[in-house]
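Any read-out appearing in this document is the output of simple, stated calculations on the displayed coordinates, not a laboratory observation. None of the values given here were measured: they were computed from a predicted structure. Cβ coordinates were reconstructed from backbone atoms using ideal geometry, including for glycine residues, and neighbour counts include every protein chain displayed.
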Amino acid sequence: MYDPPVYLWAITIACVAGMPAATCLVLYGGAARAGLSRTRAALLAGGAAAVLGGWFTATVVIAGHGWYHARLGHQVPWMPVAVVSFLGLLLALGRIPVVARTLAAPGTVSRLELPHFFRLEGVAFLIMMALGHLPALIALRLARGTGRRAALWLNAFGMTDLIVALVLGALTGYQLISTSPTGAPISELPLVLVPTAGVPLLFALHITSVSALRKTPRTQPAAGARTTDLTPRTAAAQAPASHAQ
């Protein structure tokens, strides 16, 4: 079992813990914009912190007992079970009326990108690779865009990135492909926190963002539009009605 250097522990834990922290802040702000009182907004953020923090603690305990380090065909592959279960839980919680109302609040969709800043934890995998303890299989991170279409592309690339990372991690971690060194450290602390705690949360945020963006109209008429803003044909069509009044 490889014991990573202290700075690698610090980078991984800080980034993975930053994701739920940022998510709780986004939920608090969204609840306030949705018309909830400060008390209810704080309760919502506190509940999210309890769920996310509770799973963070649980996955640390599971990893500490070595249950994620399993051989396919011989033991239960607890890591994919944990990833899928946590993702399912987050998506189910997102359907609770007060949570759904918060996520639908104005500006919340764009703010859901804030927790993705902590995807910088990927540098921990690069450091491990540079130290010779992980195989050189790297996924490219894409830059953030603006606008509805760019946001949809951003989320599509983000989900693709996560899927590719999980697939490559499974292939190397469970030694389905032969690499030197092996991907065993992915099943151990601190790196195991990324796929079991960070990835499901980020994936749930992507799904929530895409769902909200698909419900958003492609174009919205400007408020208080004047006759001078209309096209000549539209203005001509409305002219008789104006004279009749």
Requested in this report: Note down the nm distance, to one decimal, between modelled labels 7 Å out along Cα→Cβ at residue 171 and at residue 149.
Outcome: 3.3
Report task. Any chance you could check the Cα centroid distance between segment 152-201 and segment 79-125 for me, in angstrom? Result -> 17
Query - Separation in nanometres of the label points that stand 7 Å from Cα toward Cβ, at residue 21 and residue 159 - result: 2.9
